[in-house]
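Since every read-out is calculated from the coordinates, none of them should be taken as a lab result. Everything quoted here is computed from the prediction, not taken from an experiment. Cβ: placed from backbone, ideal geometry, glycine included. Neighbour counts: every protein chain shown.
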Amino acid sequence: MSLRPLFPPFRVLQGSLNHCRNAQHLLMQTVDEFQVAFSVVAEPYNVPDHPRWFGDDSGSVAFYWRGGEGTTPCTFYLKEQGCVAVKWGLLAMIGCYVSPSRLIADYEEYLDRVADCAAAYLPCPSIVLGDFNTHSRAWGNTRDNPKGDTVLEWAAGLDLRLINRGSVSSCVRWQGETVVYLTWRLPLQCV
């Protein structure tokens, strides 16, 4: 007897384009070359008016779905500042971007909006992914900060499970390296 997984394996790419046109072209080349099914992009150069692009209200986060014949369908669900959500097959995909300059109270309010978005998909599984711009040893940083503690409390309250493995830096600058791209999942609750 063979058990087929509920979700076939697929590739997801996360990154920040820093509003750079050439970086967006490189993203599209990478998606094509490595057959990436789904991409979440912080600070895209632009969000084209195209049925495979889904962006938030402010242009700070977007999804690109590779699509094509015979692939899992993807439909738009919700967008607001710093958050975009789509339904991809049985999965809810929620993309996030939080500016590092947000004060802690604004940060908490933002996380509450993301939680509301994820709750709208229950009881089906959700993936929450993006640039959280925070630090915690829990996901491979060398230090913690108050926003990291806030994210950990928020995730625990939603029963989110961190998918990140290892501690490869996702932001490398002259000031240092950090892990800011996080991927969370809500436990599977529907069939």
Scan around Cys20 for amide H atoms under 5 Å from its own, H built in the peptide plane at 1.01 Å from N, and keep only partners 5 or more places away or cross-chain.
Tyr45
Long-range amide H partners of Ser126 with built H, under 5 Å
Ala92, Leu186
P(r) of the stretch 2-117 over all Cα-Cα pairs, binned every 10 Å from zero, in whole percent
13, 44, 31, 10, 1, 0
Would you kindly derive the ³J(HN,Hα) couplings of the stretch 135-148 from the backbone phi angles with the Karplus curve 6.51 cos²θ - 1.76 cosθ + 1.60 (θ = phi - 60°), listing them in order in whole Hz, with x for Gly and Pro?
10, 7, 5, 4, 10, x, 7, 8, 8, 9, 9, x, 5, x
Listed by chain and number, the residues whose amide H is under 5 Å from that of Leu13, excluding neighbours fewer than 5 places away on the same chain and using placed H, are Phe38, Ser39, Val40
At R0 = 25 Å, FRET efficiency that the Cβ-Cβ distance of Ala120 and Asp49 yields, to 0.05:
0.50
Charge tally for neighbours of Ala105 with beta carbon under 13 Å away, counting Lys, Arg as +1 and Asp, Glu as -1, is -2
